[in-house]
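First the structure, in the form of C-alpha cells, and then the observations on it.
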Amino acid sequence: MSYIPNENRYGNMIYRRCGRSGLQLPSISLGLWHNFGGVDDYANGRKVILKAFDHGITHFDFANNYGPPYGSAELNFGKLLREDLSAYRDQLVISTKAGYDMWPGPYGNWGSRKYLLASLDQSLERMGLPYVDIFYSHRPDPDTPLEETMGALDYAVRSGKALYAGISNYPAPLARRAFRILRELGTPCLIHQPKYSLLERWVEAELLEELEKEGVGCIAFSPLAQGMLTGKYLKGIPEGSRAQRADGALQAESITPEILEKINRWNRVALERGQTLAQMAISWLLKDPRVTSVLIGARTVEQLEENLKAAYAGGFSKEELNELNA
Ligand SMILES: NC(=O)c1ccc[n+]([C@@H]2O[C@H](COP(=O)([O-])OP(=O)(O)OC[C@H]3O[C@@H](n4cnc5c(N)ncnc54)[C@H](OP(=O)(O)O)[C@@H]3O)[C@@H](O)[C@H]2O)c1
C-alpha cells in the first residue's frame, strides 16, 4: 500500500539547532545499525521508519557496514526511499559514515582518503542518492594524518556528495584538531557522534564543553546502552533481544550484576517520575542543551512509540539527579 505521511508530523516533534549551524535536527533521531539489515524483516523495518517519519523524526542514521550483511541497511533504505519516501527527500536528513571494516584489503577500513571517498560513492549507489546530508569519519585512524581524513570530508562536501561533515568517536583533543582543520578548509564540522548514556559518560569530562565552544552539535548514540537501559534485562535475557541474537552487538556477559543493580535503582527513579526507564534515559540526555539529538535504535513500532514520549518529559529535580549520579 502506498504511504501517505501523517499531516501533523511536524507538530509532534521538538527540533534543536545543531551547534551554531543552520540545520535543525529532531530531538530524537533513528539509527539503522541493527534491525534493518538483510537478515531482518523488511516489512517490520519499513513500519518502524515510516512511523518515525509520521512522528516528525526527519533524521535517519547509517554507516556503510550497517546490516548484516554489510551495506544491506543502506540498500534496504534505498528501496524504501524509492517506494515510499521519494516525494519527501527534502524533508529528510540522511547520514552515513565510513571508518570501520567494510571490504577486504588495505583500502576498506580506517581513515584514508582512498577509503572514505570510495565508500561514500558506494553508499550513494546503494541508497540511490546523489548526495547524503551528513558524511562522517566513523572513528579516528591513528595511522593516517588527520589532515588527510578531514581533507576527504571537505572534498565530499565540495564535490556535492555530502552537505555537511561530521566526526564520530573522536576523543576531545583529536576532535579539537579536527574542528580546526575543517574550519581552515572552509567546511566547518557540523556534528560529533559519541556514545553517551547514563552508563557511558566519557563525553562529560571534556568533549561537551569543547563542542559548545566550537559551535558543533552532538548526537548521542546508544542512549539505551543497546537495550540495557530499558528494564528488559532485569528478569533475564528475553527471546529475540539483542543480547540473545547471534548477530546482536550486545554480549550477554556485559550485563553484569553491577550493571543490573544500577539499572534496578534507576528503574525505581523512572517509575517515581512516571516514566519507563527507556524514557527517563532519553530525557536525561535531552536535559542538556548541548545534546542536539538522541540517536535511538528501535526494533518495533511499540519501542519507538514508547521512546518518543521522552521528548516531552519535564526536567529533573536535584534529588533525582543526585540519585542517578550516586
Ligand atoms: N557512531 C558509532 O560508532 C555508532 C555505534 C553504535 C550505534 N550508532 C548509531 O546509534 C544508533 C542507535 O544505537 P543503538 O541501536 O545501540 O541504540 P539504543 O537505543 O541504545 O538501543 C536500541 C535497542 O534497544 C532496545 N530498545 C529500544 N527501545 C526499547 C524499548 N522501549 N523497550 C525495550 N527495548 C528497547 C532494542 O533492542 P532489542 O533488539 O533487544 O529489542 C533496540 O534495538 C545506531 O542505529 C547507529 O545509527 C553509532
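In the stretch 1-107, which GluC sites (Glu not before Pro) are in a loop and have at most 10 other Cβ atoms within 10 Å, using DSSP for the loop call?
Here the GluC sites (Glu not before Pro) that fit, given the DSSP loop and packing criteria, are GLU7.
Checking the table LYS262/LYS309; LYS262/LYS287; LYS51/LYS318; LYS51/LYS235; LYS47/LYS309; LYS195/LYS309 against a 27 Å threshold on Cα-Cα, which pairs fail?
Numbers: LYS262/LYS309 23 Å; LYS262/LYS287 20 Å; LYS51/LYS318 35 Å; LYS51/LYS235 29 Å; LYS47/LYS309 18 Å; LYS195/LYS309 21 Å.
With Cα atoms farther than 27 Å apart: LYS51/LYS318; LYS51/LYS235.
Please report, to two decimal places, log10 I(q)/I(0) for the stretch 103-158 at q = 0.15 Å⁻¹ as given by the Debye formula with identical point scatterers on the Cα atoms and no solvent.
Taking Cα atoms of the stretch 103-158 as identical point scatterers yields -0.40.
Let me know the volume per residue of the alpha-carbon convex hull for the stretch 9-325, in Å³.
It comes to 131 Å³ per residue, whole-number rounded.
Using the basic label-point model (7 angstrom from Cα toward the beta carbon), what is the ARG180 to GLU305 distance in nanometres?
5.1 nm
Rounded to the nearest 0.05, what FRET efficiency is calculated for LYS235 and ARG273 with R0 set to 22 Å and r the Cβ-Cβ distance?
Plugging the Cβ-Cβ distance into 1/(1 + (r/R0)^6) gives 0.55.
Rounded, prolate or oblate: which fits the stretch 192-320 when a ≥ b ≥ c are the square roots of the eigenvalues of the alpha-carbon gyration tensor, with rounded for a/c under 1.5 and prolate only if a/b beats b/c?
Verdict is prolate for the stretch 192-320.
Please give, to one decimal in nm, the separation of the simple spin-label points placed at TYR100 and GLU320, each 7 Å out from Cα toward the Cβ.
It is 3.2 nm.
Can you put SER159, SER119, SER197, SER2 in order of Cβ neighbours within 10 angstrom, beginning with the fewest?
Ranked by crowding around the Cβ, least crowded first: SER2, SER159, SER197, SER119.
About its Cα centre, how strong a charge dipole does the chain have in debye, to the nearest 20, once Lys and Arg get +1 and Asp and Glu get -1 at the Cβ? Working shown, then result.
Working: 37 positive and 39 negative charges, 73 e Å.
Here the chain has a charge dipole of around 340 debye.
Would any residue of the stretch 196-226 have its amide N under 20 Å from a label point 7 Å out along Cα→Cβ of TYR15? List them or say none.
216-220
How much mean residue ellipticity at 222 nm does the chain get from its helices, if each DSSP H run of length 4 or more adds -39500 (n - 2.57) and you divide by all residues, to the nearest 500 deg cm²/dmol?
On the way: 10 runs with 115 residues, N = 326.
Computed ellipticity for the chain at 222 nm equals -11000 deg cm²/dmol.
Rank these for me by crowding, TRP202, TRP33, TRP110, TRP284, going from fewest to most other beta carbons within 10 Å.
Ranked by crowding around the Cβ, least crowded first: TRP202, TRP33, TRP110, TRP284.
Grab the Cα-Cα distance for ASP54 and SER254, subtract it from 0.36 nm times how many residues apart they are, and report the gain in nm with one decimal. The partial results should precede the final answer.
Values: separation 200, 0.36 × 200 = 72.00 nm, distance 3.47 nm.
Working it through step by step, the gained length comes to 68.5 nm.
Treating cross-link reach as a plain straight distance, find the aspartates and glutamates whose alpha-carbon is under 17 Å from the alpha-carbon of LYS97, omitting any fewer than eight places away in the same chain.
ASP61, GLU74, ASP121, GLU125, ASP133, ASP141, GLU148, ASP154
What distance in nm separates the two pseudo spin-label positions at ARG245 and ARG89, each 7 Å out from Cα along the beta-carbon direction?
According to this spin-label approximation, the distance is 2.9 nm.
Read-outs: derived from the displayed coordinates by stated rules, not from any lab. The structure displayed is predicted, hence computed values, not measured ones. No Cβ is skipped: glycine too gets one built from the backbone with ideal geometry, and neighbour counts run over all protein chains shown.
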